[in-house]
Ligand SMILES: Nc1ncnc2c1ncn2[C@@H]1O[C@H](COP(=O)(O)OP(=O)(O)OP(=O)(O)O)[C@@H](O)[C@H]1O
Ligand SMILES: [Mg+2]
């Protein structure tokens, strides 16, 4: 016999309350899972360290909180977060368009080269002109470098995964060549470029700390990219192209154009990150200007589920772990590989939790 | 109590957030029967069947299978108990072969790969036995929708099942293919299997099933023996009112030529000749139909017209402007609407919301965009309006369109394309997956569009659809238009002959390669 169960069907809450409840519960799920993921990974990390004969919990505590000792060390974290947020947020745009740009590292290097060129070859400009010019040069160079891979993709269907990786090698080796040859500071013993003129330097936030305004630029750009993706017409087209290129074509979107735009945006932000490394931190171009920010940026975007806003947080987290590992190296015997392993576990755990979150979402 | 039922679904409940998909469903299936499941779009048929086959887990209630309470956590577990389902939307990996798709996800894949010859042989054997015409080494992406359907059915048979669930299997089939499928169901029952099948087509339901259950708002409201009912009564049970099988319509008043196609020739995506010198005109205020067995160039014709496939020769003129080979954006902008054949490939973006899907073509035009930014208020209002007018069953305009039932997705596509205020509407399979009540509504809408002076080209494998609303019917075979007939049911035989490639004087057309 059929049972009559009218009660369930009736709206228990009014519409608005339901919508609010839905938004809040989704937000809670989005926010809680990455944090839980990181905690679980760190717990495993602690266990791993313990197995290797270290006091796991102490080490992990140092990793996270060790770098939060004073204003100066916080500033150092933010300094590291700058390129990670820039690159991560930029890659969110490319990944949303289903373009697998693995070349942020190379784009960072060419950005650094361009910034060095503009910062050393011109003199006599005011800081209001020269510093932004350096940033612009870096961004344009990064965009152009990424644009090569984009062009090869839309014109010859060359996989951007392959081409961006190859362009990484070219950019890094080109940098080595330049600082040992054409751009080498003649007076220096080491391979390095001349020093950028003062006006080209990225202004600092507080005069006696290395932290520069790049972090503000990074945060503003991440927010802007979020709005761009979610609220603008162009961002909408990029997302449609990424989700279903057939439907995008059917709807009259220019798939190639959108692919070019997306890859160039990600390249521009990586190039800008390179400009900040030179103009804001080292003030000279070196061979190893980046400790792998371009690759870590991929993890930043991944951890942020390709949401530029979330890339601010995940970029900050990776910067914290990076600083923490430096503190560890100075204060303890923990080998750096173990620290890298723990970082890897964070990424894996986040991916696993993201899957779990999708299941929760459906259930909610 | 007589014999225990083969499968008993007992008071099952399932909700997705605020949406109640199953509201205490109770249903019994007997061994060896063909049991049809009817119901309006969104009544909860697919969700119920997905729970039986382990795709979706019920919130409450019990499934008793062969006297035992079962709870499947995955389709694989269901298959192991010999329950298999062919879904409304296919679940094949496009860039793998048929055989590779079959062994995908099988625990012993490695072992199977070594035995690939055996797999191929088994597929060929089953295909021959049931006359399914499936080649084990064919790539899925090269197959037509109808062929993919047969691949899906054979896949389930390949794994060995006693209970076969078919979710709207005939929605994508031609009448001939449908006949074959219905015969196949009979054979399966003879081989001792049980079939549950979902359909919106009452005639085929009446033809093959033993019992029929009707769902409404997440419950089974009636189960009847086929001998004790008829199509009219079923329609009433489904939608709660009489549904006219014959639409009232005034004679067409064709005006100027809106779309003119001259000698259009193009190849399929795989490079084979597909459309061979098609010429036709569509005038304002008329609906021209194209009948034909699927795979005779209709897909390519509609893609070429809409700019999605390169044109090798010929011309397409819309409103006096040559649109041959233009980008889809330009074609769309010149008053061209297109209800595509494959809605999941072209028609919608599954993971976007209803709102986002309604502005797919107009995302950068006012009122939906201003100064490069989306106007979410205008988009939401417009979408809500379409949802209301076309009775799209959904939570709200922000719901993911992929979570709608199949028929409701189609309704939104139709609504979107008509709302774009086109001069010409290209339709490839109008009512795919739409229930009879909604079908009547959509057809009335098309007639209204016609009467307001739009030109409509309706490509369909569904003769009923063509007879119901077309003013004249062209027949396509082997990429050519073989003839034209009035929409007169008494000339069905002639139509059938033309569709089989036999021209009026019964001359055999030379067969094409591929
Ligand atoms: N994953 C999901 N998330 C949210 N809602 C869902 C989901 N799947 C189904 N629904 C909702 O459950 C209801 C029943 O859907 P179902 O697909 O079973 O309909 P149906 O009877 O098969 O309709 P159709 O004839 O159109 O295929 C619909 O309102 C649908 O929107
Ligand atoms: Mg369904």
Mean ellipticity per residue at 222 nm, deg cm²/dmol - from DSSP H runs of n ≥ 4 across chain A, formula -39500 (n - 2.57): -25000 deg cm²/dmol
Need one number: nm distance between label points at residue A:341 and residue B:228, each 7 Å from Cα along Cα→Cβ, rounded to one decimal. 7.1 nm
So the angle from the long Cα axis of helix A:233-243 to the longest Cα principal axis of chain A, reported in degrees to the nearest 10, equals 70 degrees
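Give me B:96, B:495, A:108 ranked fewest to most by other Cβ atoms within 10 Å of their Cβ, as a rough exposure proxy.
In increasing order of surrounding Cβ atoms, one gets B:96, B:495, A:108.
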Can you tell me, using C-alpha contacts under 8 Å and at least 6 residues apart, the relative contact order of the stretch B:56-214 as a whole percent? 24 percent
Of A:90, A:53, A:294, which has the largest mean-square fluctuation in a 10 Å C-alpha GNM of chain A? A:53
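Suppose a student asked you for the relative contact order of the stretch A:70-309, using Cα pairs under 8 Å spaced at least 6 residues apart; what percent would you report?
On the way: 471 pairs, mean separation 105.6, N = 240.
Contact order relative to length: 44 percent.
What does the C-alpha gyration tensor say about the overall shape of the stretch A:142-235? Classify as rounded when a/c is under 1.5, otherwise prolate if a/b is larger than b/c, or oblate. Present the calculation step by step, with values, prior to reporting the outcome.
On the way: a/c = 3.46, a/b = 1.17, b/c = 2.97.
It comes out oblate by the Cα gyration axes.
Report the rotationally averaged projected area of chain B based on its alpha-carbon convex hull, in square nanometres.
Details: hull surface 101.0 nm².
Approximately 25.3 nm², given one-decimal rounding.
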If you take the square roots of the eigenvalues of the alpha-carbon gyration tensor of the stretch B:219-285 and sort them as a ≥ b ≥ c, do you get rounded (a/c under 1.5), prolate (a/b over b/c) or oblate? oblate
Quickly rank B:173-182, B:346-355 as a protection proxy: mean count of other C-beta atoms within 10 Å, highest first. B:346-355, B:173-182
Using R₀ = 51 Å, calculate the FRET efficiency as 1/(1 + (r/R₀)^6) where r is the Cβ-Cβ separation of residue B:445 and residue A:348; round to 0.05. 0.50
Which three numbers, in whole Å and largest first, are the semi-axes of the equivalent ellipsoid of the protein assembly as shown derived from its Cα gyration tensor as √(5λ)? 56, 35, 26
Order of B:324, A:116 under a 10 Å beta carbon neighbour criterion, fewest first: B:324, A:116
Select from A:218, A:319, A:46 the residue whose mean-square fluctuation is largest in a Gaussian network model of chain A (Cα-Cα springs shorter than 10 Å). A:46
Under 18 Å from a point placed 7 Å out from the Cα of residue B:4 along the Cα-to-Cβ direction: which residues of the stretch B:57-78 have their backbone N that close? B:62-72
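Pull out a ≥ b ≥ c, the square roots of the eigenvalues of the alpha-carbon gyration tensor of the stretch B:261-345, then state rounded if a/c is under 1.5, prolate if not and a/b is larger than b/c, and oblate in the remaining case.
Numbers: a/c = 1.27, a/b = 1.23, b/c = 1.03.
Judged from the Cα gyration tensor, the stretch B:261-345 comes out rounded (a/c under 1.5).
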In vacuum, with every alpha carbon of the stretch A:43-116 counted as one equal point scatterer, what does the Debye formula give for log10 I(q)/I(0) at q = 0.15, 0.27 Å⁻¹? Two decimals, please. -0.80, -1.07
Structure-based [θ]222 nm, chain B - -39500 (n - 2.57) summed over DSSP H runs of at least 4, per residue, nearest 500: -9500 deg cm²/dmol
Alpha-carbon centroids, the stretch B:368-399 and the stretch B:451-480: separation in whole Å: 31 Å
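Averaged over A:247-258, how many beta carbons belonging to a partner chain fall within 10 Å of each residue's beta carbon?
On the way: counts 12, 4, 7, 15, 13, 15, 7, 3, 0, 0, 0, 0.
If you average over the peptide's residues, the count of other-chain Cβ atoms is 6.
Give me Rg over Rh for the stretch B:1-105, both radii from the alpha carbons and Rh done the Kirkwood way, two decimal places.
Details: Rg = 15.0 Å, Rh = 15.1 Å.
Here Rg/Rh amounts to 0.99.
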How long are the three semi-axes of the equivalent ellipsoid of the stretch B:7-229, in whole Å, if each is the root of 5 times an eigenvalue of the C-alpha gyration tensor, listed from largest down? 29, 20, 16
Per-peptide average of other Cβ atoms within 10 Å, ordering B:326-333, A:186-193, B:400-407 highest first: B:400-407, B:326-333, A:186-193
May I ask for the distance between the Cα centers of the stretch B:402-447 and the stretch B:130-163, given as a whole number of Å? 28 Å
Over the stretch A:70-309, what portion of Cα pair distances is larger than 32 Å, expressed as a whole percent? 19 percent
Between the stretch B:190-213 and the stretch A:212-263, how many Å separate their Cα centres? 48 Å
Ranked on Cβ counts within 10 Å of their own Cβ, fewest leading, B:464, A:105 go B:464, A:105
Partner chain coverage, peptide B:358-364 - average Cβ within 10 angstrom: 5
Taking the Cα-to-Cβ direction at residue B:115 and at residue A:57 and moving 7 Å from each Cα, how far apart do the two end points lie in nm? 5.4 nm
Take each of the peptides B:14-20, B:115-121, average the number of other beta-carbon atoms within 10 Å over its residues, and list them starting from the highest. B:14-20, B:115-121
Two pseudo-spin positions, 7 Å from Cα along C-beta at residue B:421 and at residue B:122, lie apart in nanometres by 5.9 nm
Top of A:306, A:52, A:101 by mean-square fluctuation, Gaussian network on chain A, Cα under 10 Å: A:52
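Let me confirm one metric for peptide B:327-337, namely the mean number of other chain beta-carbon atoms within 10 Å of its residues' beta-carbons. It would help to have the intermediate numbers written out before the result.
On the way: counts 4, 7, 5, 1, 1, 3, 1, 0, 0, 1, 0.
Mean partner shielding for this stretch: 2.
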Students often get this wrong: which residues of the stretch A:197-214 have the backbone nitrogen under 19 Å from the point 7 angstrom along Cα-to-C-beta of residue A:74? A:204-214
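Since every read-out is calculated from the coordinates, none of them should be taken as a lab result. Note that this is a predicted model, so its numbers are computed, not measured. Please note: Cβ atoms are built from the backbone with ideal geometry, for glycine as well, and neighbour counts cover all protein chains shown.
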